[in-house]
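J.: Before anything else, here's the structure in question.
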Amino acid sequence: MAKTGRKATFAALEKQAERMADRPMRLLFAEDPNRFQRFSVKAGDILLDYSKNRVDEEVMDALFAFARSVDVEGRRDAMWAGEPINSTEHRSVLHMALRYQGDQPVKVGGEDVMPGVRETLANIKVFSDMVRDGSIRGTAGEQFTDIVNIGIGGSDLGPAMVTLALEPYTRADLRAHYVSNVDGAHMHDTLKRLDPSRTLFIVASKTFTTDETMTNAASARKWIADALGEAAVNDHFAAVSTNIAACQAFGIKQDRIFGFWDWVGGRYSVWSAIGLPVAIAVGFENFEKFLKGAAEMDAHFLSAPLEKNLPVIMGLIGVWYRNAWGFATHAVLPYDQRLSRFTAYLQQQDMESNGKSVTLAGKAVNWSTGPIVWGEPGTNGQHAFYQLIHQGTDVIPCDFLIAANPQEDLPPHHAKLVANVLAQSEALMLGKTEKEVEAELEAQGLGEDEIAALTPHKVFPGNRPSNTIMYGKLTPETLGALVALYEHKVFVQGTIWNVNSYDQWGVELGKQLAKALLPKVEGKAEWKDHDASTQGLLAYYHELRK
Ligand code: F6P
């Protein structure tokens, strides 16, 4: 039976992949001195060099045609027009509104959301300024020196990642901490060094029902009440949520509750009041610059032709590897220590968005969807897992990220960092042939037998793909643009795979089962209704606890 629609396009792409299998990148670079110019594109000062990929113009044309055939542009415009593209939850997807800098209305269900967005930003400004300058203080009149954000997933990863990334913009006397794990160790180890009278908690939860966050918030509340008295809770807590009633029930004062909206997905919420700890840590002006940088990337995404559109190109190349080549994972490798949580943040953004196996219409997909996203900052990764990227049996497409300018004046560190990132993408692309290895070993004076024995171990297959993303400096604006770049990449891929990138039903089952298991773990109920493994583990757990 003839394949149609997406299935046919994936099959056509597989044919293209077969053609490209005989055309390694070494050859493509040798044939075309303009390959870098042909396959690199800029948005602002962010350059995407995608020339070190297994693509030529025919492949890229096929990918752009694919994007057009599934109407990536139409769906993008529908998202921006506030249509409820999150169909399973009947919600709009408008994180772009949170950072929109223009004066046009942005509507959800006919209502302009911008006045509410601006009012919340104004409230964040007032509150963050007052915490920073000491006008808002602890119950005993002490200035806050430590902010503890209690949240998980999108209510943690975004602000935690951004605070680390913008360390040069923080103050030594005002530290932001992030507690997410229900493991008591996280809260305990964070509070160990803090002074309750100088600590402000922000409870961040879109739903204000997430068990981990509510458990951590209750422990923090007790810590404050035990040290400073119940009445101090008012002065030491703020909250960010769409569930205002639940924040009030927790005992948080009305003027310390910062709202957002159901059209902001948790993993897309760092631009909302969820960014409050960032605004406190780096100052509201820098938080605003972070939003502005993202808005610039939005403008690029909304207007640049597909062939010049960074998120579109990155999305399509990801689809190319996932579907035509069957590569299951994608490494994001920032050569920027301050982006040490960037990949962890992207794991939620990408894997919670596109880790789906039914289409928008609820039918099983017939193709692979979201890849496993992983990575660590370079150069640390080089001394850990790059061996597998260079010589392992799996091909792992990589994104390298690098700033041209460091934030600190500490030569020769940055030059070395840059030399390393360039070396990695070059090594992956070129590899090292048998002939090259033999010549090298001969030059070192090794004998014939030893050369024969060593050569296979020292050959690098090469033709391993990577993108390099280079920017001027890791400023708040650039960080905003980079995060938005990946958000839109995920959108493009979700559209191609025909999945709903904005729900996350897959996290529910574990939550339900944990709830049912808790009384059994606590020894308050029988556990005979569980599978043999779970029963065995519970029994051994109770034996160890005796
Ligand atoms: O369980 C997954 C999830 O719903 C994420 O999507 C979300 O970011 C996280 O939990 C936290 O949710 P909330 O902000 O409602 O506490």
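J.: Please work out the FRET efficiency for the pair Arg19 and Asp531, using the Cβ-Cβ distance as r and a Förster radius of 45 Å; give the result to the nearest 0.05.
T.: Computed FRET efficiency for Arg19 and Asp531 comes out at 0.40.
J.: Let me ask another. Given the -39500 (n - 2.57) contribution per DSSP H run of 4+ residues, what per-residue ellipticity at 222 nm results for the chain, rounded to the nearest 500 deg cm²/dmol?
T.: It comes out at -14000 deg cm²/dmol, rounded to the nearest 500.
J.: Straight distance only, please: which lysines reach the Cα of Lys473 with their own Cα at less than 20 Å, same-chain residues fewer than 8 apart left out?
T.: Leaving aside lysines fewer than 8 places away in the same chain, those within reach of Lys473 are Lys42, Lys289, Lys292, Lys416.
J.: A further question follows. Beyond 40 Å, how much of the Cα-Cα pair distribution for the chain remains, as a whole percent?
T.: Pairs farther apart than 40 Å: 31 percent.
J.: Given a Förster radius of 45 Å and the C-beta distance between Ala304 and Ala443 as r, what FRET efficiency does 1/(1 + (r/R0)^6) yield to the nearest 0.05?
T.: E between Ala304 and Ala443, to the nearest 0.05, is 0.40.
J.: What are the ³J(HN,Hα) values, in whole Hz, obtained from phi via the Karplus relation 6.51 cos²θ - 1.76 cosθ + 1.60 with θ = phi - 60°, for each residue of the range 347-359 in sequence order, with x given for Gly and Pro?
T.: Whole-Hz 3J(HN,Hα) from phi for the range 347-359: 4, 5, 3, 8, 6, 6, 7, 10, x, 10, 10, 10, 6.
J.: Could you do me a favour and compute the accessible area per residue for the range 41-153, 1.4 Å probe, result in Å²?
T.: On a per-residue basis, 41 Å².
J.: What is the gain in length, in nm to one decimal, between Leu509 and Ile244 on full extension, counting 0.36 nm per residue of separation less the C-alpha to C-alpha distance?
T.: Residue separation times 0.36 nm, minus the Cα-Cα distance, leaves 92.8 nm.
J.: Ok, one more. Can you say what percent of the DSSP beta bridges in the chain, counting only those with both residues inside, are antiparallel? Round to 5.
T.: Here the antiparallel bridges make up roughly 30 percent for the chain.
J.: Taking 0.36 nm per residue of sequence separation and subtracting the Cα-Cα distance, how much length would be gained by fully extending the chain between Arg26 and Asp173, in nm to one decimal?
T.: Value of the extension gain: 47.7 nm.
J.: If contacts are Cα pairs under 8 angstrom and at least 6 residues apart, what is the relative contact order of the range 315-463 in percent?
T.: 26
J.: While we're on this one: Among 44-54, 515-525, how do they line up from the highest to the lowest mean number of other beta-carbon atoms within 10 Å?
T.: Result, highest mean Cβ count within 10 Å first: 44-54, 515-525.
J.: At 1.4 Å probe size, put Asp189, Asp409 in order of accessible surface, largest to smallest.
T.: Listed by decreasing accessible area, they come as Asp409, Asp189.
J.: Computing the accessible area with a 1.4 Å probe over protein heavy atoms, can you report the carbon and sulfur percentage for the chain?
T.: 53
J.: Then there is this: Which residues' amide hydrogens lie under 5 Å from the amide hydrogen of Asn86, considering only partners 5 or more residues apart or on another chain, with H built in the peptide plane?
T.: Close amide H contacts, sequence-distant or interchain: Arg91, Val93.
J.: Could you order peptides 449-460, 423-434 by the average number of other Cβ atoms within 10 Å of their residues, highest first?
T.: Ranking the peptides 449-460, 423-434 by packing returns 423-434, 449-460.
J.: So for the chain, averaging the separation of alpha carbon pairs under 8 Å that are six or more residues apart and normalising by length, what relative contact order in percent results?
T.: 19
J.: Say each of Lys222 and Lys416 gets a label point 7 Å from the Cα, pointing the same way as Cα to Cβ; how far apart are those two points in nm?
T.: About 4.8 nm, to one decimal.
J.: Read phi for every residue in the range 177-184 and hand back ³J(HN,Hα) as whole Hz from Karplus 6.51 cos²θ - 1.76 cosθ + 1.60, θ = phi - 60°, with x for Gly and Pro.
T.: Here the 3J(HN,Hα) series is 10, 10, 10, 10, 6, 6, 4, x Hz.
J.: For the range 169-223, which trypsin sites (Lys or Arg not before Pro) are both in a DSSP coil and crowded by at most 16 other Cβ atoms within 10 Å?
T.: Lys192, Arg193
J.: Restricting to bridges with both residues inside the range 108-288, how much of the DSSP beta-bridge set is antiparallel, in percent to the nearest 5?
T.: 15
J.: Still on this structure: Sort the following peptides by mean Cβ neighbour count (other Cβ atoms within 10 Å, averaged over residues), highest first: 478-485, 272-279, 28-35, 335-342.
T.: Those peptides, ordered most packed to least, come out 272-279, 478-485, 335-342, 28-35.
J.: Would you please give the residues with an amide H less than 5 Å from that of His330, counting only those at least 5 places away or on a separate chain, with H modeled from the backbone geometry?
T.: Ile372, Val373, Trp374
J.: Calculate, in nm to one decimal, what Lys546 and Gln143 gain on full extension: separation in residues at 0.36 nm each, minus their alpha carbon distance.
T.: Additional length available on full extension: 140.5 nm.
J.: Enumerate the amide H contacts of Arg175 below 5 Å, restricted to partners 5 or more residues apart or on another chain; note that Pro and chain-start residues carry no placed amide H.
T.: Residues meeting the criterion, in which the H sits 1.01 Å from N, are Asp146, Ile147.
J.: Sticking with this structure for a sec: Using Cα pairs under 8 angstrom and six or more residues apart, how large is the relative contact order of the range 66-138, in percent?
T.: Worked out over the range 66-138, it gives 18 percent.
J.: Can you list the HN-Hα couplings for the range 7-24, worked out from phi with the Karplus curve (6.51, -1.76, 1.60; θ = phi - 60°), rounded to whole Hz and with x for Gly and Pro?
T.: Karplus values, whole Hz, x for Gly and Pro: 4, 5, 5, 4, 5, 5, 5, 4, 4, 4, 5, 4, 4, 6, 4, 8, 10, x.
The values are calculated or read from the model by the stated rules, or taken from the named source; none is laboratory data. Quick caveat, the model's predicted, so the values are computed rather than measured. With ideal geometry, Cβ positions are generated from the backbone for all residues, glycine too; neighbour counts draw on all protein chains shown. These area figures cover heavy atoms from the full protein model, side chains too; ligands, DNA and RNA do not enter into them. Shrake-Rupley method; radii C 1.70, N 1.55, O 1.52, S 1.80 Å.
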